[in-house]
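Asker: The structure follows.
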Amino acid sequence: MNTNNAPPMDQQDVERTTSVVAEVAPIQSASMDAQPTKPKQRSTALAKRNAPETAVVLLTEEQKQVLAEQETIITKGLDTFLEVGRALAVIRDQSLYTQPTFEQYLKERWNYTRQRASQLIRCADLLLVLETRVDSKLLPKNERTARELLRASEDNRVKVLEIAHERTNGNPTAEDLAKVRTELEPKKPKDPTKVPKKRPVPLKTAVKVATKLQEYLSTPSPEDLETMEGELFKIELKMIADNIKRLAA
């Protein structure tokens, strides 16, 4: 539209236009401020997705701080069972408790059973040995995998770790370790020629009791024969013993 042919504005038109502009400007500004900004994480993720594999993506200071916090949590989670086991071993070995026994200390201070403390201590001892024999990347990363590894014989533990890591690209679970362990240490088949030991037959045990009863009844003490009730009791016991032996015959 050609503005050269527009009629000149008088003073009232100028004032009205100025007023409208003054009212619209804050609304436009507020509308622009209300538009959501893209999070920094999205731009970083996009940069990683579009960047070549060898490129290094820089993190903001805020992202570096969050990363450090999360890695600290992960590290503590991996080391907790090891640290607790070592501490319990020191307390036990040096008797660093005021309770009469280590079991009582565990119960009162930590609500642990002796079995639970032994599990943690054995896991800690296992890692102390493995640290001198394998790369740190192969060490069990949690208590469950450590306990599973303890089920393997000492001679096969390193081999179980190495095979499990190779099969799982360095991230084996307790189930992975168990599978390798059973492959290396299969259960021995039962010997068909070996006769299993028979459990004592309850009836034979009863016969032994009956024999003891008969021996007791054959030599009664004078005190036992002082009353009729005592004599009747012995007669009843003898009848029971005879019946048991008759059943076993």
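Asker: Is there a residue in segment 124-143 that is in a helix (DSSP H, G or I), touching a Phe, Trp or Tyr at 6+ places or on another chain (Cβ under 9 Å) and not assigned by TED's automatic domain parsing to the domain that holds GLU83?
Answerer: yes
Asker: May I ask you to list the residues in segment 144-175 that are within 19 Å of ALA117 (Cα to Cα) and in a loop (DSSP other than H, G, I, E, B)?
Answerer: Selection gives ARG151 alone.
Residues checked against (1) out of contact with any strand residue (DSSP E or B) (no Cβ under 9 Å at 6 or more places or on another chain); (2) under 30 Å from VAL180 (Cα atoms); (3) not hydrophobic (A, V, I, L, M, F, W, C):
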| position | (1), (2), (3) |
| --- | --- |
| GLU108 | yes, no, yes |
| ASN111 | yes, no, yes |
| GLN115 | yes, yes, yes |
| SER118 | yes, yes, yes |
| LEU127 | yes, yes, no |
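Asker: Right, next: List the residue pairs whose Cβ atoms are under 6 Å apart, where the first residue sits in segment 167-192 and is in the same structural domain as ASN156 (by TED's automatic domain parsing), the second is in a helix (DSSP H, G or I) and among the small types (Gly, Ala, Ser), and the two are 6 or more positions apart or on different chains.
Answerer: Sorted first by the residue in segment 167-192, then by its partner, the pairs are PRO172/ALA164; ASP176/ALA164; LEU177/ALA164; VAL180/ALA164.
Residue-by-condition table, conditions (1) modelled with pLDDT of 65 or more; (2) exposed (fewer than 10 other Cβ atoms within 10 Å of the Cβ); (3) hydroxyl-bearing (Ser, Thr, Tyr); (4) within 30 Å of LEU128 (Cβ to Cβ):
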position: LEU149; (1), (2), (3), (4): yes, no, no, yes
position: LEU184; (1), (2), (3), (4): yes, no, no, yes
position: VAL201; (1), (2), (3), (4): no, no, no, no
position: LYS208; (1), (2), (3), (4): yes, no, no, no
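Asker: Based on this model, can you work out whether GLU83 counts as farther than 18 Å from ALA174 by Cβ and either hydroxyl-bearing (Ser, Thr, Tyr) or at pLDDT 90 or above (or both)?
Answerer: For GLU83, the condition - farther than 18 Å from ALA174 by Cβ and either hydroxyl-bearing (Ser, Thr, Tyr) or at pLDDT 90 or above (or both) - is not met.
The values are calculated or read from the model by the stated rules, or taken from the named source; none is laboratory data. Everything quoted here is computed from the prediction, not taken from an experiment. Please note: Cβ atoms are built from the backbone with ideal geometry, for glycine as well, and neighbour counts cover all protein chains shown.
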